[in-house]
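Here's the structure, in structure tokens; my notes come after.
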Amino acid sequence: MIFSEFDFSILKNPEYREDSVREDIIAPLLKYLGFRSDRDPKIVRSKPLRHPYVMIGAKKHPVNIIPDYLITSGDVVRLIIEAKGPKQNIDDGDHVAQAYSYSIHPEVRAKYYCLCNGYKFNIFNVSKIGPLKSFYIPTLSKNDIVEMAQKLAILDLSNDNMMNYDIDFGIFMRMHGFSSNTEMSFFSVPMFTIGRLDDWTYTFSCANETVTDRKVAMSIDFTHTQFEKLCSILNSEVVANIKSALSKQPFIYRNEINPPCVSVTARLGDKIVTSVTGEEFIPLTLIEFHKG
């Protein structure tokens, strides 16, 4: 096996840091999996950003990492891999948030990112909270290697359709350190889709291009009382169309050509929802609708 002669007790040495993890663990692993610098999918090492920040509103959120490896295909970044020291948390927290910020950066736009601290190799998707898959390196088996190869070399790395995604606003905000119940306001939001979840709960979805330097998808949940407030704001013809659509299966109103627009105040939610396609998102909770 790939690490059969490696003594993992060295990871307990305080002098053993992320550069050692990169050279002793990640480099031979990528070589074993068939990644090279001279052919697709190709390894690119330590590529810095020309503009090392992500915009959140008018504020620059710094991106402080230069990942050890990018995996590219057709000159498109498919995956980033970052080494961390053995004592570093790579399940959540600042290191994960920084790798996420690099992945969604307009110069990168990778759907997947990985962190390795010598003990664990975690694979993340920018559309989900938490690792998709975690491999424990000291006990890595031949079957684990096969699975890792499938995850890294086959799954989506050459699928351009999987790259055409909008990141979820709720996950974007959570990954950048905003807590649940953070309040925010949005003006003239187009309501592309309105859905009735049950008799007392509704939701609407939209795209927003003003929050950051790329488009994000946003879902906002609201109550029946707030739905009545919405109806009092919109014109009667639009309200009639919405109520008609929500009165019958599949209880969804859609209008992507000329959607009604409202301003909203909402707060960041705390629940992670999984869609029927497996994508995760964090809906906002409406505080109030405003006209305009």
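Close Cβ contacts (under 8 Å, 6 or more residues apart or on different chains) running from residues in region 182-193 that are assigned by TED's automatic domain parsing to the domain that holds Asn235 to residues that are among the basic types (Lys, Arg) and surrounded by fewer than 17 Cβ atoms within 10 Å (Cβ to Cβ) comprise Thr182/Arg267; Glu183/Arg267; Met184/Arg267; Phe192/Arg254; Thr193/Arg254. Out of everything in region 235-266 that is aliphatic (A, V, I, L, M) and out of contact with any Lys or Arg (no Cβ under 9 Å at 6 or more places or on another chain), what residue ends up being farthest from Met184 (Cα to Cα)? Checked region 235-266; the qualifying residue farthest from Met184 (Cα to Cα) is Ala240. If the condition is being of a type in the set (Gly, Ala, Ser) and either in contact with a His (Cβ under 7 Å, 6 or more places away or on another chain) or over 17 Å from Met173 (Cα atoms) (or both), then region 247-291 contributes Ser247, Ser263, Ser275, Gly278.
Restricting attention to region 259-279, does a residue exist that is over 27 Å from Ser179 (Cα atoms) and either in contact with a helix residue (DSSP H, G or I) (Cβ under 8 Å, 6 or more places away or on another chain) or not hydrophobic (A, V, I, L, M, F, W, C) (or both)? Yes. Here Pro52, Pro41 are screened, and the one residue that is without any contact (Cβ under 8 Å) to a residue 24 or more places away in the chain, farther than 30 Å from Ile10 by Cα and outside the structural domain of Met184 (by TED's automatic domain parsing) is Pro52.
Screening the candidates Gly195, Gly177 for the property of being within 24 Å of the chain's Cα centre (by Cα) and outside any strand (DSSP E or B) yields one hit, Gly177. In region 1-21, of all residues being hydroxyl-bearing (Ser, Thr, Tyr) and surrounded by 10 or more Cβ atoms within 10 Å (Cβ to Cβ), the one that is farthest from Lys87 (Cα to Cα) corresponds to Ser20.
Scanning region 67-84 for residues that are modelled with pLDDT of 90 or more and either hydrophobic (A, V, I, L, M, F, W, C) or farther than 18 Å from Arg45 by Cα (or both) yields a total of 4.
In this structure, Ile287 qualifies as farther than 30 Å from Pro106 by Cβ and either aliphatic (A, V, I, L, M) or assigned to a strand (DSSP E or B) (or both).
Where strands (runs of 3 or more DSSP E) fall entirely within region 1-114, those with at least 1 residues that are under 19 Å from Arg174 (Cβ atoms) are at 53-56, 59-62. Only residues that are surrounded by fewer than 18 Cβ atoms within 10 Å (Cβ to Cβ) and among the aromatic types (Phe, Trp, Tyr) were counted in region 22-35, giving 1. For the residues Asn117, Asn89, Asn64, the requirement of being surrounded by fewer than 22 Cβ atoms within 10 Å (Cβ to Cβ) and modelled with pLDDT of 90 or more singles out Asn89. With respect to (1) modelled with pLDDT of 90 or more; (2) out of contact with any Pro (no Cβ under 8 Å at 6 or more places or on another chain), the lone exception for Pro190 is condition (2).
Can you confirm whether Ser205 is at positive phi, in a strand (DSSP E or B) and not β-branched (Val, Ile, Thr)? For Ser205, the condition - at positive phi, in a strand (DSSP E or B) and not β-branched (Val, Ile, Thr) - is not met.
Within region 217-232, the only residue that satisfies the criterion of being over 14 Å from Thr193 (Cβ atoms) and either acidic (Asp, Glu) or modelled with pLDDT under 95 (or both) is Glu228.
Cβ separations smaller than 7 Å between residues 6+ apart or across chains give no pair from region 232-244 residues that are without any contact (Cβ under 8 Å) to a residue 12 or more places away in the chain to residues that are outside any helix (DSSP H, G or I). Taking the criterion of being under 30 Å from Glu107 (Cα atoms) and of a type in the set (Asp, Glu), the residues of region 183-234 that qualify are Glu183, Glu209, Asp213.
The values are calculated or read from the model by the stated rules, or taken from the named source; none is laboratory data. Since the model is a prediction, treat every value here as computed from it, not as a measurement. Cβ: placed from backbone, ideal geometry, glycine included. Neighbour counts: every protein chain shown.
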